[in-house]
Ligand code: NAD
């Protein structure tokens, strides 16, 4: 432990010194590091796939879609592309001049500017479910804003963690960017230090620990947490319903087997539509994965024994077990849980009060789809709400009457790749946002600058006070 403390302290001192030296502030340094991340991913994609397979049984195609492609494409819509091509403009906001007319008359003549400046030395905690992209995405933001950085990958994805620890120093400026591996003991030591920003992706439980540690040093935090993301399925039919079911199935089972913060937790649907929904979901599961849980070679496994037992325990509740209409079997040895559908499990069961984070999908039936708004509002604010509907009035109603990190109409999980949109939660699903320009802002301080000349003095601003100055 003493060795960890010494290492953390040494790393931090070095990073602070290098930040103060101005090493990371220039546009060229930032662009070079961002390009190096592109190179790192492109040149080591096979190794990344291998590590993701070892940690989560993630299929390379899924790994490509969720973990490497978003940083591979230099397009305007990719996080890295957006930052590389627009970085000069973000930084040039230093030159954003607020028109003289917008300043208080009392200050005439004056010029106002906003200068985005890096925060300093920042600490990033990544989580295990998307262990590469959820480490690199915030790192891209921190670099683009000109900070020095420590990334702490999750110990629950050890192959990805050691890959990052080994590869990052080979590609990125080791004097400004470091990877520190370890579990909660290391995390606690890191949290004892003073940082200029902490960016945390993980559970609300650890989020609270992060916030109280940060409070000691008045360190700003961004918390990317989770929660229960609902689907509202309105009365669709025919091909619309089929498309909806495919997108629900892909979002539930096809993204880390439901171990995703913006993954679908449960579906709200009118009672009369439930039987056809269940049948279509079953059909979709069989098309995706076949029928035998032992043959599930393209669905992720549960990350470890503890999480596996946690999800199995959720299913053991007698009321929940009785609500299983598909699946429910598991392979303990390989930590696989069969895609499972529940119909109307008890609402007070743990499965309906805790984040499921696994391949189990409860369907909750309602008399009218409008009741879904009250259902959602009676629970903590979700990270995302997914609504499948063609009804414009209902869309507006959901937007006006619910609160969540995001609302997605007629699809699932796609918001993560839209870098023009802020990504983040509200209430218990977290606070702060990132992606694209929002990442740059999250890791910057917008310094207000006011420039005056020595010309023109307005005497009413100064004593001695008199009636004329009061009326002025
Ligand atoms: P976690 O909170 O258990 O762990 C996250 C990090 O916290 C790890 O690096 C871990 O080392 C560290 N940690 C653990 N115990 C600690 C302690 N006592 N003190 C200090 N640090 C500690 O989260 P997880 O299980 O890895 O991830 C699952 C959760 O993360 C889910 O709730 C999910 O919804 C959420 N999540 C959110 C996002 C998002 O972008 N909003 C993305 C992925 C996951």
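The values are calculated or read from the model by the stated rules, or taken from the named source; none is laboratory data. Since the structure is predicted, the reported quantities are computational estimates derived from the model, not experimental observations. Note that each Cβ is placed from the backbone with ideal geometry, even for glycine, and that neighbours are counted across all protein chains shown.
Considering segment 361-370, and only residues there that are touching a strand residue (DSSP E or B) at 6+ places or on another chain (Cβ under 8 Å) and over 9 Å from residue 270 (Cα atoms), the residue that is surrounded by the most Cβ atoms within 10 Å (Cβ to Cβ) turns out to be 361. Listed by first and then second residue, the pairs linking a residue in segment 177-188 that is at negative phi and at pLDDT 95 or above to a residue that is within 8 Å of the ligand (Cβ to nearest atom) and assigned to a loop (DSSP other than H, G, I, E, B), with Cβ atoms under 7 Å apart and 6 or more places separating them unless they lie on different chains, are 179/153; 181/153; 183/155. Of everything in segment 377-394 that is within 23 Å of residue 317 (Cβ to Cβ) and under 21 Å from the mean Cα position of the chain (by Cα), the residue that is surrounded by the most Cβ atoms within 10 Å (Cβ to Cβ) is 382. When 432, 427, 405 are screened for being within 13 Å of the ligand (Cβ to nearest atom), more than 23 Å from residue 195 (Cα to Cα), touching a helix residue (DSSP H, G or I) at 6+ places or on another chain (Cβ under 8 Å) and modelled with pLDDT of 95 or more, only 405 passes. In segment 188-198, of all residues being in a helix (DSSP H, G or I) and either in contact with a strand residue (DSSP E or B) (Cβ under 9 Å, 6 or more places away or on another chain) or farther than 29 Å from residue 25 by Cβ (or both), the one that is farthest from the ligand (Cβ to nearest atom) corresponds to 190.
Tell me which residues, restricted to segment 106-128, are assigned to a strand (DSSP E or B) and either more than 14 Å from the ligand (Cβ to nearest atom) or more than 20 Å from residue 177 (Cα to Cα) (or both). Answer for segment 106-128, where residues must be assigned to a strand (DSSP E or B) and either more than 14 Å from the ligand (Cβ to nearest atom) or more than 20 Å from residue 177 (Cα to Cα) (or both): 110, 111, 112, 113, 114, 115, 116, 117, 118, 121, 122.
Of everything in segment 285-312 that is away from the ligand (no atom under 14 Å from the Cβ) and buried (at least 18 other Cβ atoms within 10 Å of the Cβ), the residue that is modelled with the lowest pLDDT is 293. The lone criterion from (1) farther than 23 Å from residue 226 by Cα; (2) outside any helix (DSSP H, G or I) left unmet by residue 403 is number (1).
When segment 1-25 is examined, which residues are found to be in contact (Cβ under 8 Å) with a residue 12 or more places away in the chain and more than 27 Å from residue 186 (Cβ to Cβ)? 25 - this is the single residue of segment 1-25 that is in contact (Cβ under 8 Å) with a residue 12 or more places away in the chain and more than 27 Å from residue 186 (Cβ to Cβ). Condition test on residue 236, is it farther than 20 Å from residue 337 by Cβ, crowded, with 16+ Cβ neighbours inside 10 Å and modelled with pLDDT under 95? Considered against the rule, which asks whether it is farther than 20 Å from residue 337 by Cβ, crowded, with 16+ Cβ neighbours inside 10 Å and modelled with pLDDT under 95, residue 236 comes out as yes. Does residue 320 satisfy the criteria of being more than 29 Å from the chain's Cα centre (by Cα), in a strand (DSSP E or B) and modelled with pLDDT of 95 or more? Considered against the rule, which asks whether it is more than 29 Å from the chain's Cα centre (by Cα), in a strand (DSSP E or B) and modelled with pLDDT of 95 or more, residue 320 comes out as no. Among the residues examined, residue 140 qualifies as more than 10 Å from the ligand (Cβ to nearest atom) and modelled with pLDDT under 95.
Residue 204 - would you say it is touching a helix residue (DSSP H, G or I) at 6+ places or on another chain (Cβ under 7 Å), in contact (Cβ under 8 Å) with a residue 60 or more places away in the chain and buried (at least 22 other Cβ atoms within 10 Å of the Cβ)? So residue 204 fails the test.
Please verify whether residue 131 is touching a helix residue (DSSP H, G or I) at 6+ places or on another chain (Cβ under 7 Å), in a strand (DSSP E or B), modelled with pLDDT of 90 or more and under 28 Å from residue 223 (Cβ atoms), treating the condition exactly as stated. No; evaluated as a whole, the condition is false for this residue. Of all residues in segment 207-221, those satisfying the criterion of being near the ligand (Cβ under 10 Å from one of its atoms) and touching a helix residue (DSSP H, G or I) at 6+ places or on another chain (Cβ under 8 Å) are 209, 210, 213. The residue pairs whose first member lies in segment 258-277 and is within 15 Å of residue 325 (Cα to Cα), whose second member is within 16 Å of the ligand (Cβ to nearest atom) and assigned to a loop (DSSP other than H, G, I, E, B), and whose beta carbons are closer than 9 Å, counting only pairs six or more residues apart or on different chains, are 266/228; 266/356.
Residue 141 - would you say it is touching a helix residue (DSSP H, G or I) at 6+ places or on another chain (Cβ under 8 Å), surrounded by fewer than 24 Cβ atoms within 10 Å (Cβ to Cβ) and closer than 21 Å to residue 30 by Cβ? So residue 141 does not fit the description; no. Scan segment 147-187 for residues that are outside any loop (DSSP other than H, G, I, E, B) and either farther than 28 Å from residue 117 by Cβ or more than 8 Å from the ligand (Cβ to nearest atom) (or both) and the total you get is 24. Of note, residue 439 satisfies the criterion of being touching a residue at least 60 places away in the same chain (Cβ under 8 Å), more than 30 Å from residue 110 (Cβ to Cβ) and either in a strand (DSSP E or B) or touching a helix residue (DSSP H, G or I) at 6+ places or on another chain (Cβ under 8 Å) (or both).
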